[in-house]
Amino acid sequence: MAEEPTPKVEESQQSLHLSSLFPPQQVSLLGGPGGSGKTTLIFQILADLVAHKPIYGYNSYSAPFGVCYAATTRPNDATRALLTRLRLPAPAEIPILSVIDDSLPLDSPQDFVDRCLQRAPLTKLLVIDPILAFVLRGTNQNDYGFVSTVLRQLTAAAQHHKISILGIGKYAKTKQGEGYQAPRERFSGSVAWSDCTATMMLLEPKSASNPADPSRSLLIITPNSSPETYELKFTSDGRLQNMADGMGDYVMDEWLRVQASGTELLTETILSVGMSNGLSRRSCFRWCEDQIENNLLVRASRGVYKVCKSC
């Protein structure tokens with residue numbers, strides 16, 4: 001998806017916007033089978049958000065905001081241990097809360113949000129993982145009336161606090177050819193999950209029969225837009241990489257390889273080469289940072305990099 005220039009946000013609106021991917025004052029969902037990589041994906045997204053980087057082509061605005069991750073079923077130490085195992089150190093700007101360690105109430109979704117905001121008052125995106133914890137305490141996750149009530153209460157809390165909420169949920173793997181006709185219906189059996197939410201993201205293995213396959217498919221469905229599919233793959237360092245970025249990286253690496261040591265490269269030149277080979281602006285700057293870390297580029301001045309193959 002081609003990126004558009006980041007739109008100007010009026011000062012009065014800045015507190016309401018953090019990314020066009022997660023509409024303000026609404027509830028969005030990220031779902032997928034167990035082991036699909038939801039935790040990996042969400043913390044990569046959160047890290048990009050606090051750095052004001054685009055998320056899969058959707059702009060992140062530079063207005064001040066905070067993000068908060070609230071676990072409903074695991075203690076904080078377990079979350080941090082999981083991130084360590086996944087090699088995803090959480091940025092210091094992301095508060096991690098839990099029902100177990102921080103006495104967050106599950107009886108009322110609104111009270112839960114209120115308590116999270118007391119602990120992390122700068123929050124503009126609250127991640128609830130898993131969101132099904134509210135539903136499972138009352139009835140089954142296929143009950144339209146109960147699910148819609150929970151989601152409406154969360155939406156009311158989002159509107160009251162002027163925040164966005166992202167709920168994480170697990171659903172069963174579907175066999176080849178047995179998927180739902182409407183993608184939004186995949187999330188946990190009740191159409192209420194799609195009727196009462198904004199953006200829906202579905203992360204699934206490419207091969208249901210081969211658990212070792214590192215390939216993933218990410219479907220992003222935003223309000224009033226056609227679904228968009230991204231092909232992802234787990235890298236050797238445990239991150240999920242957009243495969244279009246991976247091919248672009250290869251082309252960029254080959255382009256850099258033929259540049260003479262000491263050559264100065266303008267940022268505009270790097271963006272032109274990268275974006276013509278399928279990379280987003282975000283991925284171009286991420287590629288530059290990778291080359292600096294590998295001692296292949298250095299920053300010569302503002303907007304200028306120097307090839308430094310012998311560093």
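The values are calculated or read from the model by the stated rules, or taken from the named source; none is laboratory data. Since this is a predicted model, take the numbers as computed values, not measurements. Because the Cβ atoms are built from the backbone with ideal geometry, glycine has one as well, and the counts that use them run over all protein chains shown.
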Pick out, from region 21-118, the strands (runs of 3 or more DSSP E) lying fully within it that include 2 or more residues that are modelled with pLDDT of 85 or more and not hydrophobic (A, V, I, L, M, F, W, C). 27-32
For region 17-56, which residues satisfy the criterion of being of a type in the set (F, W, Y), closer than 25 Å to W287 by Cβ and either buried (at least 21 other Cβ atoms within 10 Å of the Cβ) or in contact with a Pro (Cβ under 6 Å, 6 or more places away or on another chain) (or both)? F43
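Of these, A192, A244, which one is surrounded by 13 or more Cβ atoms within 10 Å (Cβ to Cβ) and at pLDDT below 75?
Values: A192 fails: at pLDDT below 75.
After applying the criteria, what remains is A244.
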A208: passes all of (1) in the same structural domain as I42 (by TED's automatic domain parsing); (2) of a type in the set (A, V, I, L, M); (3) modelled with pLDDT of 85 or more but (3)
From the residues in region 267-301 that are assigned to a loop (DSSP other than H, G, I, E, B) and touching a helix residue (DSSP H, G or I) at 6+ places or on another chain (Cβ under 9 Å), which one is nearest to A47 (Cα to Cα)? S280
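Condition check: touching a Lys or Arg at 6+ places or on another chain (Cβ under 7 Å) and of a type outside the set (S, T, Y). Does R282 satisfy that? Don't jump to the end; show me each part of the working.
Numbers: touching a Lys or Arg at 6+ places or on another chain (Cβ under 7 Å): yes; of a type outside the set (S, T, Y): yes.
For R282, the condition - touching a Lys or Arg at 6+ places or on another chain (Cβ under 7 Å) and of a type outside the set (S, T, Y) - is met.
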Just the residues that are at pLDDT 85 or above, over 18 Å from K170 (Cα atoms) and of a type in the set (D, E, K, R), please, taken from region 211-230. D213
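Do we find a residue being of a type in the set (V, I, T), surrounded by 15 or more Cβ atoms within 10 Å (Cβ to Cβ) and out of contact with any His (no Cβ under 6 Å at 6 or more places or on another chain) anywhere in region 80-93? So that I can check it myself, show each step before the final result.
Of the residues in region 80-93, the ones of a type in the set (V, I, T) are 84.
With the extra rule that they be surrounded by 15 or more Cβ atoms within 10 Å (Cβ to Cβ), the set shrinks to none.
Taking every residue of region 80-93 in turn, none turns out to be of a type in the set (V, I, T), surrounded by 15 or more Cβ atoms within 10 Å (Cβ to Cβ) and out of contact with any His (no Cβ under 6 Å at 6 or more places or on another chain).
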Is it true that W193 is of a type in the set (A, V, I, L, M, F, W, C) and out of contact with any strand residue (DSSP E or B) (no Cβ under 9 Å at 6 or more places or on another chain)? no
